[in-house]
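The values are calculated or read from the model by the stated rules, or taken from the named source; none is laboratory data. No experiment lies behind these values; they were computed from the predicted model shown. Note: ideal-geometry Cβ built from the backbone for every residue, glycine included; neighbour counts use all protein chains shown. Keep in mind that these areas ignore ligands, DNA and RNA; they rest on the heavy atoms of the full protein, side chains included. Shrake-Rupley method; radii C 1.70, N 1.55, O 1.52, S 1.80 Å.
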Amino acid sequence: MSVAFRRESDEEHKEPKFELPLPPGPNLVTARGRALIDARVPALEGEIAAEADDTAREVLKRELRYWNTRQTTAILAPEPDGAEVAFGTSVTFRLNGALRTIRIVGSDEADPAAGRIAFTAPLPKAMMGAEAGEHLDYNGTPDAIEIVTISRASNEQDERE
């Protein structure tokens, strides 16, 4: 039989397993974000130790490599003063007539459903450096965003979330 029709193993036909992609830019974190990362690493280590299935264990190991990298590269952002929109602030704004409040956080802490938006997202990028009462252009529309209030997000608020 020709070598061309012989298959040594199934390994060569499996889909490649890539590492989890890291978000671009610096790994800025809030105190809450740092605590979440610090808790995730030992939790994953425990899951890996308890997992009997090799395939599932490899998936968990890949996730652990991601979180170890995020833990190592985490930069605790300075506490904002609340005078302008910055990383770590809570911002109440009006967009298309609707009043909303978001908290600007790091990529790993982001949870849009809970109002925590990554600082790398278009909306927070458009608001960075603005002060209360300012109107900002957004998505090609002039004066689309009105900054209503800005507040520092405290560690107490972090613990409640």
Hey, residue 102 more than 25 Å from residue 26 (Cα to Cα) and touching a Ser or Thr at 6+ places or on another chain (Cβ under 9 Å) or not: no
Residue in segment 17-27 that is surrounded by 14 or more Cβ atoms within 10 Å (Cβ to Cβ) and not in a loop (DSSP other than H, G, I, E, B) present: no
Single residue of segment 80-100 satisfying the filter (without any contact (Cβ under 8 Å) to a residue 24 or more places away in the chain and assigned to a strand (DSSP E or B)) that is surrounded by the most Cβ atoms within 10 Å (Cβ to Cβ): 100
Answer from 35, 49 - the residue that is among the hydrophobic types (A, V, I, L, M, F, W, C), open to solvent by 80 Å² or more (accessible area, probe 1.4 Å), farther than 30 Å from residue 145 by Cβ and in a helix (DSSP H, G or I): 49
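Report whether or not residue 132 is open to solvent by 30 Å² or more (accessible area, probe 1.4 Å) and either without any contact (Cβ under 8 Å) to a residue 24 or more places away in the chain or among the aliphatic types (A, V, I, L, M) (or both). Can you show your working first?
Numbers: open to solvent by 30 Å² or more (accessible area, probe 1.4 Å): yes; either without any contact (Cβ under 8 Å) to a residue 24 or more places away in the chain or among the aliphatic types (A, V, I, L, M) (or both): yes.
It is true that residue 132 is open to solvent by 30 Å² or more (accessible area, probe 1.4 Å) and either without any contact (Cβ under 8 Å) to a residue 24 or more places away in the chain or among the aliphatic types (A, V, I, L, M) (or both).
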Cross-chain or 6+ apart pairs with Cβ under 6 Å, segment 35-54 first and in contact (Cβ under 8 Å) with a residue 60 or more places away in the chain and under 13 Å from residue 65 (Cα atoms), then open to solvent by 40 Å² or more (accessible area, probe 1.4 Å) and part of a helix (DSSP H, G or I): 37/71
